[in-house]
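No value in this document is a laboratory result; all are computed from the given coordinates. Source: prediction; values computed, not measured. Every residue, glycine among them, receives a Cβ derived from its backbone with ideal geometry; neighbour counts consider all protein chains shown.
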Amino acid sequence: MTKPILKVENLGIRFGGLQAVDNFHLEIGKNELVGLIGPNGAGKTTVFNMLTGVYQPTEGTIELEGVKMNGKKPHQMVEAGISRTFQNIRLFKKMTVLDNVKAAFNHKMHYNLFESMFRCGSYWKEEAEVTVQAHELLQSVGLDEYADQLAENLPYGQQRKLEIARALGTGCKVLLLDEPAAGMNPTETAELMNTIFRLREEKGLSILLIEHDMSLVMGLCERLVAIDYGRIIAEGTPYEVANNPKVIAAYLGAEEEQNAESK
């Protein structure tokens, strides 16, 4: 692999006496799509929280394009080029679809308080530019026709897409997707897969996603990293990881057992 855009080494975090994540490592190249899998409680979202500055790791390093990110706050991570979506959708539900995306451009705006209060020329110029860019992002996820609707009025699957569009509005280089297909039906999941793959190609994104839907993971990801109890138990191609005995025992096997009990 060429020089990674995101490099994580020996990452760990401790909450009191609990070692939630230990010795986690990862390299993602430009335009690469990697999946992070594991059973509930394995530490996947904790890893995301460290990569986005929500939690500060107690061990290890995070580098974005060779620059150390340790100690950065969430907004600084966004400004550097790392953006995310959430397992539970976090939209501004009383704002329009368009304004949700425009909110992601906040750190790029240069007009000051005076200019915004009195609607100076610089204010209108920047607002017009951002509006055009937001419409383009909505078009890329198939939501531009809903631009003037309130976010809360969108169907669930479209709210997921809106959250992705908003994350892209930050101008990210690395996009972290936390269970993007959660709660979706098979048709919505297939459509989401196509959207993620197309956006990755069009925008040259590097993507790390957490997902329990193995059909999505196997169909999208070039590599998988599996963790359990905060430690990596397998990594490699989707086929290699899906057939790893440790993964089958910790994750896939547990899922099959639950399915058998429900029948």
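Our note on the geometry: Cα centres of region 1-53 and region 160-226, 17 Å apart. For the chain, the Kirkwood hydrodynamic radius from C-alpha pairs, put into Stokes-Einstein at 37 °C and a viscosity of 0.692 mPa s, yields a diffusion coefficient of 169 µm² per second. About the centre of its Cα atoms, the chain shows a dipole size close to 720 debye [charges on the beta carbon of Lys, Arg (+1) and Asp, Glu (-1) only; nearest 20 debye]. Residues within the reach of a label modelled at Asn31 (point 7 angstrom out along Cα to beta-carbon, backbone nitrogen below 17 Å), restricted to region 215-241, are 221-223. The convex hull of the Cα atoms of region 169-258, projected and averaged over all directions, covers 6.6 nm². Ordering 32-39, 190-197 by mean Cβ neighbour count within 10 Å, with the highest value first, yields 32-39, 190-197.
Counting Cα-Cα pairs of region 18-75 in 5 Å increments starting at 0 gives whole-percent bin shares of 4, 16, 28, 26, 19, 6, 1. With R₀ fixed at 35 Å, the C-beta to C-beta distance from Asp99 to Glu240 puts the FRET efficiency at about 0.20. Scanning the chain for long hydrophobic helices, with DSSP H runs required to stretch 18 angstrom or more by C-alpha along their axis and to average at least -0.5 on the Kyte-Doolittle scale, returns nothing. Full extension of the chain between Lys125 and Ile89 yields a length gain of 9.8 nm, computed as 0.36 nm times the residue separation minus the alpha carbon distance. Helical runs (DSSP H, four residues minimum) scored at -39500 (n - 2.57) apiece and divided by the length of the chain put the mean residue ellipticity at 222 nm at -11000 deg cm²/dmol. Full extension of the segment from Thr187 to Glu9, taken as 0.36 nm per residue of separation minus the current Cα-Cα distance, would add 60.3 nm.
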